[in-house]
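Below is one structure, written out as structure tokens; the observations come after it.
The values are calculated or read from the model by the stated rules, or taken from the named source; none is laboratory data. Source: prediction; values computed, not measured. Note that each Cβ is placed from the backbone with ideal geometry, even for glycine, and that neighbours are counted across all protein chains shown. For accessibility, only protein heavy atoms count, side chains too; no ligands or nucleic acids. Shrake-Rupley method; radii C 1.70, N 1.55, O 1.52, S 1.80 Å.
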Amino acid sequence: MSILQILEFPDPRLRKIAKPVTVFDEELEDLIEDMLETMHEAEGIGLAATQVNVHKRLLVIDVSENRDAPQVFINPEFEIIEHELSEYNEGCLSVPGFYETVSRPRMVKITAQDAKGEKIEQAAEGILATCIQHEIDHLDGKLFVDYLSTLKRHRIRAKLEKEHKKPV
């Protein structure tokens, strides 16, 4: 297992739309393990393959209190079960150090495949529903900053660009 590099906004590779996973093999299982390790190391609760410059429709999530219940969703899609919105102060491993309130549907049903290619369906609400929607956005080339005002988005972009230019 290894820690993968997480792309940071405004890297244009974060805007690439991920392609469906068609091969379920050992290479995919290794990628899943690396993504889980990377997510936990970065103290995140979700990570999409796009964020580690792998443009496949794959995401990993672990919203458990003890960080011991990881979930893997391959080729995920969601359907809104309840249109009532919940607000969460969202952050993102690709937008480090920034948290902003985003409104998303409170309850969704996710349909996906597991690491073996078997179909899974699950209802999700609360932080899990938010995380699923946030990570699927990544697979579609969208970031949580896209939900913010243009002014806030430009301020975040400028601060991160300045950070990227600092000598290490």
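Quick look at the numbers
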read-out	value
Set of aspartates and glutamates with alpha-carbon distance to residue 109 below 16 Å, sequence-local pairs under 8 removed	77, 79, 82, 84, 121, 125, 135, 137
Order of exposure, largest accessible area first, which applies to 62, 11, 30 with probe 1.4 Å	30, 11, 62
Residue with peak Gaussian network fluctuation, the chain [Cα springs, cutoff 10 Å], from 74, 110, 132	110
Karplus-derived 3J(HN,Hα), 6.51/-1.76/1.60, for each residue of segment 78-84, Hz, glycine and proline x	10, 10, 6, 8, 10, 6, 4
Set of lysines near residue 56 by C-alpha distance (under 18 Å), chain-local residues within fewer than 8 positions excluded	16, 19, 116, 119, 142
Distant-in-sequence amide H partners of residue 53 (H built 1.01 Å from N, under 5 Å)	7
Choice from 41, 79, 65 with maximal GNM fluctuation in the chain (Cα, 10 Å cutoff)	65
Order by protection proxy (mean Cβ within 10 Å, highest first), peptides 87-95, 147-155	87-95, 147-155
